[in-house]
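Below is one structure; the comments refer to it alone.
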Amino acid sequence: MRQAEVRHAFVVGRARVREILGRYVGQPGETLDVVARVDARPVLAGAPPWFDFSFSRCEGIHVCAIGVSRRIGVDVQPIADDRLASGSVADAVLSPAEVAWLATPAGAAPSARARVLTQKEAFMKAVGGGLTLPAAGFTVPAATGHDAGPVDIAAETASAARGYTVRLFTPGPGIVGAVAAEGTWRLTLLHYPA
């Protein structure tokens with residue numbers, strides 16, 4: 001994509017996310033004020049206490065996750081992303097179980113590393129705190145070959161990070177997405193034209 005097309009896709013996508021958020025809180029999207037809380041998670045100023053959201057974008061796809069009375073995080077990544085390659089900085093965030101699984105034949109699949117790292121990012125967004133949660137201190141279901149399941153938290157990791165489930169989804173060709181949220185929940189995907 002040319003720079004002008006990328007910019008246009010970003011502006012249109014961000015406007016669509018604001019429109020969707022506005023529908024949930026009963027305000028026009030253009031009037032929403034998105035601010036960062038102390039725990040580094042975005043919040044809508046004046047939103048009801050039951051409302052939580054997360055958003056992510058890549059390659060022209062914008063994804064918005066809405067949590068009703070639960071914390072939520074979402075991430076999308078291209079499967080073919082050099083930043084996720086073995087030996088990259090991404091290795092520092094892998095748990096020992098994830099490293100071991102990625103060394104197996106199933107873990108060697110082109111999408112395996114992207115699936116693991118996308119689930120980890122969604123979980124970290126849901127829990128909040130930025131990078132204060134030790135990423136190597138938890139293992140996501142993709143590292144055991146599963147698309148969905150509970151996050152396995154190491155004993156020394158904060159108890160506030162326990163009780164989350166993460167699920168993979170496919171937002172577009174060559175892209176992997178993941179949603180993480182507290183408790184038991186179901187995933188509903190809605191597609192809005194840009």
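Tally up the residues in region 64-81 that are open to solvent by 20 Å² or more (accessible area, probe 1.4 Å), more than 21 Å from Q3 (Cα to Cα) and either modelled with pLDDT under 80 or of a type outside the set (S, T, N, Q) (or both), please.
The total comes to 6.
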Selection from region 1-59 of residues that are within 20 Å of A178 (Cα to Cα), open to solvent by less than 20 Å² (accessible area, probe 1.4 Å) and either part of a strand (DSSP E or B) or of a type in the set (A, V, I, L, M) (or both): V17, L21, F51, D52, F53, S54, S56, C58
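Among the listed residues A108, A97, A90, which satisfies the condition of being open to solvent by 60 Å² or more (accessible area, probe 1.4 Å) and at pLDDT below 90? Working first, answer last.
On the way: A97 fails: open to solvent by 60 Å² or more (accessible area, probe 1.4 Å); A90 fails: open to solvent by 60 Å² or more (accessible area, probe 1.4 Å).
The match here is A108.
The values are calculated or read from the model by the stated rules, or taken from the named source; none is laboratory data. Quick caveat: nothing in here was measured; it's all calculated off a predicted structure. What goes into the accessible areas is simple: the full protein's heavy atoms, side chains included, and nothing from ligands, DNA or RNA. Shrake-Rupley method; radii C 1.70, N 1.55, O 1.52, S 1.80 Å.
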